[in-house]
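Take a look at the structure set out below.
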Amino acid sequence: MTVAHGTGPVAARFVHAALVVETDRDLDVLAAELMRSAKLYDEVRVVVGERTRAALTDLTVDLPATICWGAPDGFHQRLGFAYERFRRHLADEHRAGRRVHVVAEPDLTRGTDAGLRAERVAAYLAYEAICNHTYALGASMVTCVWDSRHHPDTVIEHVRATHPHLVTATGRTPSPDFLPPERYLAEHHHVPMGTPPAHVDHDVTVGADAELGGLRSAIDGWAWGHRFTGEAREDLVMAVAEIVTNGLRHGGPPVRVRAWCHGGTLVVQCDDAGDRVIPADAGYLRPDPVAVVAGGRGLWLARQLADVVRVSSEPGRTSVRLSFPPEVMPAACRDVRR
């Protein structure tokens with residue numbers, strides 16, 4: 001089955017595209033894409049920054065009813081949680097027989113400590129890669145707007161590598177730099193983890209499951225001391241416990257747990273003595289609840305509960321670092337900081 005498109009027939013399948021903005025005139029291309037999509041999709045939802053929205057409003061005076069504006073709140077949530085929620089949204093639309101086109105302009109800096117922004121951008125692009133699998137339901141489309149004037153060249157290179165299609169003045173074209181998700185995750189999205197600070201708030205060694213209760217109490221009190229309350233504190237403790245449990249059962253005990261504060265962000269690193277190879281897509285794909293062989297739940301759940309989860313493996317050690325910026329955690333945490 002095919003559907004009509006402004007540049008010719010396109011297969012009725014999920015499309016993931018990027019528009020790389022180099023000058024303000026490139027927004028003309030986006031405006032034209034919106035008007036074409038309004039004829040093809042049941043809904044076109046545009047989630048962009050204020051500057052881009054103002055420019056598009058000037059360029060599209062009479063918007064069709066199928067085009068609507070969305071708030072960029074999704075970018076100010078934990079990355080794994082936000083991606084999973086959007087996956088469910090696309091699945092619901094698919095089951096309802098609706099075709100949607102979402103245009104999104106990522107805002108990855110607000111509420112993020114300056115020293116951790118590169119890590120968050122890298123983590124976001126990892127999800128951009130894997131969503132080529134997880135969002136591949138029906139015939140919906142996602143177009144991501146990246147302004148090259150606001151991002152380093154290396155980030156734009158990764159944008160081209162994670163999006164199978166590019167939106168250009170001549171229409172939608174295949175990206176010559178696109179990499180399959182597994183290859184991108186294995187080769188390109190890592191930012192060096194760096195060494196934990198010499199002085200941390202907690203440095204605990206866990207050698208067996210029986211010691212997990214003491215660890216939970218220590219991490220819970222630490223989070224409380226940094227004004228993490230309610231669901232935010234519970235999620236932080238649960239994420240750390242899941243990673244430590246993974247290390248004890250599948251890695252090599254003992255597990256060393258270090259916790260510290262980077263600016264306003266709480267950071268926890270868990271190191272075990274395992275030498276197993278961690279698959280590049282570990283924790284990105286939702287575990288099958290009816291799988292014959294259980295596994296993969298711990299890291300996936302940690303990616304839902306933390307904002308950024310980074311994994312590093314080398315002979316004799318596996319390290320997992322979790323970051324919890326208060327601005328993207330549940331409201332109970334944010335409210336006490338106002």
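The values are calculated or read from the model by the stated rules, or taken from the named source; none is laboratory data. Being a predicted model, the structure only gives us computed values, none of them experimental. Cβ coordinates were reconstructed from backbone atoms using ideal geometry, including for glycine residues, and neighbour counts include every protein chain displayed.
Structural remarks
- On inspection, His151 does not qualify as part of a loop (DSSP other than H, G, I, E, B) and either modelled with pLDDT of 95 or more or under 30 Å from Val257 (Cα atoms) (or both).
The rows are residues; the columns are (1) crowded, with 20+ Cβ neighbours inside 10 Å; (2) touching a residue at least 40 places away in the same chain (Cβ under 8 Å).
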{"site": "Leu212", "(1), (2)": "no, no"}
{"site": "Ala218", "(1), (2)": "no, no"}
{"site": "Gly221", "(1), (2)": "no, no"}
{"site": "Gly247", "(1), (2)": "yes, yes"}
{"site": "Gly263", "(1), (2)": "no, yes"}
{"site": "Asp272", "(1), (2)": "yes, yes"}
{"site": "Asp281", "(1), (2)": "no, yes"}
{"site": "Leu285", "(1), (2)": "no, yes"}
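- Candidate set from region 50-77 (those that are over 30 Å from Thr265 (Cβ atoms) and among the acidic types (Asp, Glu)); member that is surrounded by the most Cβ atoms within 10 Å (Cβ to Cβ): Asp58
- The set of residues in region 228-260 that are among the β-branched types (Val, Ile, Thr) and either assigned to a helix (DSSP H, G or I) or not assigned by TED's automatic domain parsing to the domain that holds Pro315 (or both) comprises Val237, Val240, Ile243, Val244, Thr245.
- When residues of region 297-326 are limited to those that are assigned to a strand (DSSP E or B) and of a type in the set (A, V, I, L, M, F, W, C), the one surrounded by the most Cβ atoms within 10 Å (Cβ to Cβ): Val320
- Check on Gly194, modelled with pLDDT under 95 and surrounded by 15 or more Cβ atoms within 10 Å (Cβ to Cβ): no
- Arg183 vs. criteria under 18 Å from the mean Cα position of the chain (by Cα) and surrounded by fewer than 14 Cβ atoms within 10 Å (Cβ to Cβ): yes
- Output for region 34-84, where each listed residue is within 29 Å of Phe324 (Cα to Cα), at pLDDT below 90, part of a loop (DSSP other than H, G, I, E, B) and in contact with a helix residue (DSSP H, G or I) (Cβ under 7 Å, 6 or more places away or on another chain): Gln77
- Residues (touching a His at 6+ places or on another chain (Cβ under 6 Å) and either within 20 Å of Gly49 (Cβ to Cβ) or aromatic (Phe, Trp, Tyr) (or both)) located in region 112-133: Leu125
- Taken over region 103-121, the criterion of being at pLDDT 90 or above, under 14 Å from the mean Cα position of the chain (by Cα) and either in a loop (DSSP other than H, G, I, E, B) or closer than 26 Å to Cys68 by Cβ (or both) is satisfied by Ala104, Glu105, Pro106.
- Yes/no for Leu301 being modelled with pLDDT of 95 or more, touching a helix residue (DSSP H, G or I) at 6+ places or on another chain (Cβ under 7 Å) and either over 15 Å from Tyr124 (Cα atoms) or among the basic types (Lys, Arg) (or both): yes
- The set of residues from region 109-138 being of a type outside the set (Gly, Ala, Ser) and over 16 Å from Ala282 (Cα atoms) comprises Thr109, Arg110, Thr112, Asp113, Leu116, Arg117, Glu119, Arg120, Val121, Tyr135, Leu137.
- Residue check, Ala161 assigned by TED's automatic domain parsing to the domain that holds His89, among the hydrophobic types (A, V, I, L, M, F, W, C) and in a helix (DSSP H, G or I): yes
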